[in-house]
Amino acid sequence: MTHYELEQGLNALYRDLDNVQNMDEATACKVYNVDCKADIIEVMQEEIETYKAILGLDAKEDDGMDYDALCMVQGLSRYA
């Protein structure tokens with residue numbers, strides 16, 4: 001998945017979670033085929049945490065900083 005697709009999936013999960021939280025118990029159980037509303041909320045929150053973790057790793061890989069140029073300006077041979 002691309003970064004964009006991950007962000008779109010995360011946004012969709014947030015919308016779905018908001019919808020579930022605003023549903024009554026019976027509707028949530030019927031729509032999501034669960035025993036109780038708390039079950040689907042827990043699953044969605046776990047998925048959100050997974051998406052956030054994946055996106056966090058991507059953000060650390062490329063933060064936009066030109067470290068080679070930074071080291072050159074500071075007189076260092078290369079960053080460690």
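Highest mobility in the GNM of the chain, judged by mean-square fluctuation with C-alpha springs under 10 Å and restricted to Asp66, Asp39, Asp24, is found for Asp66. Per residue, the chain exposes an accessible area of 76 Å² to a 1.4 Å probe, with every protein chain left in place. FRET efficiency for the Val43 to Glu7 pair, using the beta carbon distance and R₀ = 22 Å, is estimated at 0.65. I want the local charge near Ala12. Using Cβ-Cβ distances under 13 Å, sum +1 for each Lys or Arg and -1 for each Asp or Glu among the other residues. Charge balance in the 13 Å sphere: -4. In the chain, which whole DSSP H runs stretch at least 30 Å along their own axis (Cα) and average -1.0 or higher on the Kyte-Doolittle scale? Answer set is 37-61.
The helix-only estimate of mean residue ellipticity at 222 nm for the chain, built from DSSP H runs of length n ≥ 4 each weighted as -39500 (n - 2.57), is -25000 deg cm²/dmol after division by the residue total.
The values are calculated or read from the model by the stated rules, or taken from the named source; none is laboratory data. Keep in mind it's a predicted model, so treat the numbers as computed, not measured. Methodologically, a virtual Cβ is constructed for each residue, glycine included, from the backbone with ideal geometry; neighbour enumeration extends over all protein chains shown. These accessible areas exclude ligands, DNA and RNA; they are computed on the full protein's heavy atoms, side chains included. Shrake-Rupley method; radii C 1.70, N 1.55, O 1.52, S 1.80 Å.
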